[in-house]
Amino acid sequence: MLTRITKAVLCAGALTLAQPAAQAEEFTEADLKSWEEQFMTVVKRGEKLFHGGLESKNTVSCDQCHPNATNTHPETYPKFQQQLGKVAVLSEMINWCIENPLETEPLALDDPRMTALQAYITWERRGVELAPGKH
Amino acid sequence: MSIKRRDFLKTGGALLAAGSLPLSLVEVAFGKNSPQNFTFAFISDSHITHIKGNEFVRNWDMGLKRAIAEANLMTPRPDFTIYGGDIAQLGTPEEIDHGLELLGALRGDVRYVMGEHDYYLDLGDYWRKQLGPDYYSFDHKGVHFVVLNSIVTYDEWTHQDWDTPMARMKEMARLDNPNGSPFMVGPTQREWLRKDLEKVDKDTPLVVISHSPLQKIYKGWNFWTDDAEEVQALLKPFRKVTVLYGHVHQIQYNQIGNISFHAAMATAWPWPYPSTYSQEASYMPKLTVEMNRADPFFERDATGWQFINMHSGNVDVHYTLPDNTNRVVAFNEDKGHPEDTKYQAEAEQIPPQEHY
Amino acid sequence: MLQKLPTAGALSLALLCGPLPALGETPLGLPPVPIPADNPQTPAKIELGDRLFNDVRFSADGKVSCATCHDPSKAFTDNLPVSEGFKGLKGTRNAPTVINAAYMETQFWDGREPSLEAQSLQPPINPVEGGLENHDPILKTIRDDPQYVNAFREVFQVSPDEITMDHVAKAIASFERTQIAGDSPFDRYFFGGEEDAMTEAQIRGFQVFTGQGRCVSCHQVEQTQALFTDNRFHNIGVGFKNIKGRVAEIAEEFLKAKAEGADVDKTVLTDPDASELGRFAVSEDMTDIAAFKTPTLRNIELTAPYMHDGSQETLEDMVEFYNNGGRVNPDDPVSPFLSGGIRPLDLSEQQKEDLIAFMKALTSPSVAAATKSAANNAQ
């Protein structure tokens, strides 16, 4: 999906220099709607995982400490995390929570469940200004 | 300062007092039935969680154990302990029994409050079987205490066609559930309260204890009681009223007319302030200086319990906060509301108290 | 990564000279040494401090100096469970290394002194350490020693009568601030970008250290430096079985004694029960019951035994202790006052071995050399 958007944007840029006629790669309102639906499906999946869907070994779930994904601060990553001893990205901190409070095996960083969790967490924080590194 | 006052200061808790108990120096004259000064402990929201067999979530067990161990260190002993509700996570007999077994280590009597996590599996049957009625009153040293069950909700929600009682419990256990239902005290208990208060002199200090706040802060997480105003109206004729509540897992305090409000920390885990949810508005009392944001590595950080100093009918809440700086929210006679004795002024506040 | 790697020449020089001298460069992996504004480092002051540090006359039996328990040939420890003072009297606490103590925000296991200066004043007059009644004999010895008189005049511009314990403390602290050691294999690997500075096992151990071992939250590593301490106090379960069931009475008795004027330094080193109260003895805050300061892990291979009471003999014992959630045996009772950071870790044997290998990557070559040459000389 991203590739297609990039391509569309790049082409649009290039085309302004050449001819304004060709629209072959432009995206439409229908595309936008469809992509948003795709995204929201993953958000919903993330919401389920966040609310007990990770089948954590000790039954603890993310929402117990983070109702509506509050205090997860996705807009502040990457940032220094003392618990990891380095500047970390959000998914690393999600794994820290899965391993520690949830006492469960961490997810691969490209696991679709990790993507879904991040989709939900950032969706609940939409509109908030980026603040990388903030504590 | 009266002689009596000094005596109290002197014996005001070898442990806690060691320099940290800033008791008000003002003695307020009450009528002939002057309330005495005393202390009690206030522990809440342990969320004991059964995993399987004999296994319970260690983190939550440790929170309750610590609160009990610390409360047992107090000298002089608190007169009694209030347990503010949510002893269990999913209301099962295993969880309630395990919680009560741990609380058995607490010295002195405990008065219990019903929380939604104790209630929505069997509508409080097992809890009441173990602990008795879920609303009642008692008098102690000139103060009238009332305990309410504030977490009941509308019958249409409670008695809808659930697959299992556990399905209902799990719906209500999710704090941010859009399919939840607002808490309330309800007409039966309000009528009982009206009658109960009829016998009480208007000069007698009242302490009302509920699980949810008897004020409206944020409906989305049930930091809310639907009939809060009706309950407040019943308390209005009294000269000095304090409402104590659990549920919110955070420091909150407020003053509405004659009523002071104080929330308890959870022994289990902290909750963010509703203001940090960027998609909805909430009504956090302006008076409240927020507790510190937690470092989740230290499982007890931003959890805690309360030691309450009752003096001249006023409530001073001493927040005992492991891995954190203790806080004291005391009633300020001059200003007529509770305030943090250290962090109330903006200049005194520290970075972790800034939530975003 | 931001740290410049010392050249081979500088490194070998450091090896020859022991820990870096006074005004030297900051070693790899460490921040600049904090120097108090009222006690600047000078070579003469450091030399004076070194002499004071090793002077056995500052004790009741004329046999105990700072170096008795903080022996430069033993990585500035005594390698004993708890230290032995004059007449062989034992205290209650394990001697922490002086190396890198300059970075500590408080001194002693319970942080009861705020600075190296203040710290140095206590041991000579502790009944189980130097054993002196007060500091007067120290000042007399100094004033009667022409070499000291000259040195104090040069360093502090004071006549013999004007020499005070404040001067003594400042000189000792200045010397201690030169005992700085980084440049360990870990530093070269993590900050110096030398991929082969650590072994495969040590690299895996670092993963355990920052991951499942839950070590790094307190023994801090940052992007540009690693103090391996958070300068805070935590109850990790050490000593709990000694005071189990008696915490209330011990705490109450201690507070009563303190309120009546008992000295904290003397009490905690002579009363084993009071010692177990840890930071609480200083702060009187329940959060600090049996909490002790996080020590640095630098040079830990050379500073056995471990913990505030020296109760863990080896790194293996210590890892086992943490793996059991702050207990020697997995079925020992858990203190209700245990820090929320401590819990069973469920490490595999491989992970434990790797973690120990990693800790051995924290040894500074300068400290290893000083220890080794002392061992050779002793043979």
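The values are calculated or read from the model by the stated rules, or taken from the named source; none is laboratory data. All values derive from a computational prediction rather than experimental measurement. Every residue, glycine as well, gets a Cβ built from its backbone with ideal geometry; the counts of neighbours run over all protein chains shown. Just so you know, the surface numbers come from the protein's heavy atoms only, side chains and all, with ligands and any DNA or RNA stripped out. Shrake-Rupley method; radii C 1.70, N 1.55, O 1.52, S 1.80 Å.
Computed over chain B with a Gaussian network model linking Cα atoms closer than 10 Å, the most mobile of B:ASN149, B:ASN324, B:ASN179 is B:ASN179.
Stretched out straight at 0.36 nm per residue, the stretch from C:LYS256 to C:ASN79 would grow longer than its current Cα-Cα span by 60.3 nm. List the lysines whose alpha-carbon lies under 18 Å from that of B:LYS202, not counting same-chain residues fewer than 8 positions away? Cα-Cα hits under 18 Å: B:LYS32, B:LYS141, B:LYS236, B:LYS240. Using a cutoff of 8 angstrom between alpha carbon atoms and counting only pairs six or more residues apart, the relative contact order for segment B:65-219 works out to 25 percent. Computed over chain C with a Gaussian network model linking Cα atoms closer than 10 Å, the most mobile of C:ASN329, C:ASN126, C:ASN54 is C:ASN329.
Stretching the chain fully between B:LYS129 and B:GLN279 yields a gain of 49.9 nm (0.36 nm per residue, less the alpha carbon separation). Put a dot 7 Å past the Cα of C:ALA248, heading toward its Cβ, do the same for A:ALA30, and the two dots end up 7.6 nm apart. Rolled with a 1.4 Å probe across the full set of protein chains, the surface gives B:ARG77 an accessible area near 140 Å². Around the amide H of C:GLU113, modelled in the peptide plane, lie the amide H atoms of C:GLN107, all under 5 Å away and 5 or more residues distant in sequence or on another chain. The residues of segment C:240-289 expose on average 45 square angstrom of accessible surface per residue, using a 1.4 Å probe on protein heavy atoms. Expressed as a whole percent, the accessible surface of segment A:40-123 that belongs to carbon and sulfur atoms is 56, based on a 1.4 Å probe. Rounded, prolate or oblate: which fits segment B:77-217, taking a ≥ b ≥ c as square roots of the Cα gyration tensor eigenvalues, rounded meaning a/c under 1.5, else prolate when a/b beats b/c? The shape class here is oblate. Amide H contacts of B:ALA88: B:HIS47, B:ILE48, B:ASP118, each under 5 Å away and 5 or more positions distant or on a separate chain (H built 1.01 Å from N in the peptide plane; Pro and chain starts excluded).
The loop-placed trypsin sites (Lys or Arg not before Pro) in segment A:38-86, going by DSSP, that have at most 13 neighbouring Cβ atoms within 10 Å of their Cβ come out as A:LYS57.
Per residue, the average separation of C-alpha pairs within less than 8 Å and at least 6 apart gives chain B a relative contact order of 17 percent. Legend: calculated FRET efficiency, A:ASP111 to B:ASP79, from the Cβ-Cβ distance at R0 = 60 Å, rounded to 0.05, equals 0.65. For B:TYR154 and A:GLU55, a Förster radius of 30 Å and the Cβ-Cβ distance give a FRET efficiency of 0.40, rounded to the nearest 0.05.
Highest mean first, the peptides B:90-102, B:239-251, B:159-171 sorted by other C-beta atoms within 10 Å per residue fall in the order B:239-251, B:90-102, B:159-171. Under 5 Å from the amide H of B:ILE82 lie the amide H atoms of B:ALA41, B:PHE42, B:ILE43, B:ARG111, each residue being 5 or more positions distant or on a separate chain, with H modelled from the backbone and absent for Pro and chain starts.
Shape of chain C from the C-alpha gyration tensor: oblate (a/c of 1.5 or more and a/b not above b/c, with a ≥ b ≥ c the square roots of its eigenvalues).
State the percent of C-alpha pairs, over all pairs in segment C:297-379, separated by a distance greater than 15 angstrom.
When all Cα pairs of segment C:297-379 are counted, 65 percent exceed 15 Å.
Taking the accessible area of segment C:169-250, probe 1.4 Å, and keeping the other protein chains in place, the carbon and sulfur fraction comes to 45%.
In loop segments of segment C:80-131 as defined by DSSP, the GluC sites (Glu not before Pro) with at most 16 further C-beta atoms inside 10 Å of their C-beta are C:GLU105. Cross-link pairs exceeding 30 Å between alpha carbons, from the set A:LYS86/B:LYS219; C:LYS258/C:LYS293; B:LYS65/B:LYS129; A:LYS79/B:LYS216; A:LYS44/B:LYS286: A:LYS86/B:LYS219; A:LYS79/B:LYS216; A:LYS44/B:LYS286. The A-B contact accounts for roughly 2300 square angstrom of buried accessible surface, both chains included, probe 1.4 angstrom. Distance between the pseudo-spin-label points of C:ILE35 and C:THR199 (7 Å out from Cα toward the beta carbon): 3.9 nm.
Counting heavy atoms of the protein chains alone, B:LEU197 has an accessible area of about 10 Å² for a 1.4 Å probe. Residue separation of C:ASN134 and C:ALA369 scaled by 0.36 nm, minus their Cα-Cα distance, works out to 80.9 nm of gained length. By DSSP, the beta bridges lying fully in the protein assembly as shown are antiparallel in about 65 percent of cases.
Kirkwood-type hydrodynamic radius, segment A:40-123: 12.7 Å, calculated from all non-identical alpha-carbon pairs. Summed over both chains, the contact between B and C buries some 2200 Å² of accessible surface at a probe radius of 1.4 Å.
Spin-label model, C:ASN329 to B:ASP163: label points 7 Å out along the Cα-to-beta-carbon direction sit 4.6 nm apart. Counting only protein heavy atoms and a probe of 1.4 Å, the accessible surface of chain B is 50% carbon and sulfur. Residue by residue along C:337-346, Cβ atoms of other protein chains within 10 Å of the local Cβ number 6 on average. For the protein assembly as shown, what does the alpha-carbon gyration tensor say about shape, rounded, prolate or oblate, given a ≥ b ≥ c as the root eigenvalues, a/c under 1.5 as rounded, and a/b over b/c as prolate? It comes out oblate by the Cα gyration axes.
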